[in-house]
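This report concerns only the one structure given below.
Bear in mind these aren't lab numbers, they're just calculated from the coordinates by the rules spelled out. Owing to the predicted nature of the structure, the values given are computational and were not obtained by experimental measurement. Note that each Cβ is placed from the backbone with ideal geometry, even for glycine, and that neighbours are counted across all protein chains shown.
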Amino acid sequence: MTLQRTLTIQTREEAAQADRRANWAKTPQERLAEVEFLRQQKYPGGIAPRLQRVTEFIERKNSGERSEPEQSE
């Protein structure tokens, strides 16, 4: 058995366009399967870290008051 490969040299723009055409030619299920495959490679244990929600309250001076813009002379 012989494996043959073809190498095509393209510009970055041509390669990006070819990638987009190839991606849009796939079904949504195929695209989702690729995302899942990449996720499994990144997180082999199956558990991806979650984003942490943080709420921070700050106290402002002159809360609720509008200051007038300074006028130059």
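Quick notes on this one:
- Overall, the anisotropy analysis places the stretch 1-43 in the oblate class: the square-rooted eigenvalues a ≥ b ≥ c of its C-alpha gyration tensor yield a/c not less than 1.5, with a/b not exceeding b/c.
- Exposure proxy ranking, count of Cβ atoms within 10 Å, fewest first, for Arg21, Arg31: Arg21, Arg31
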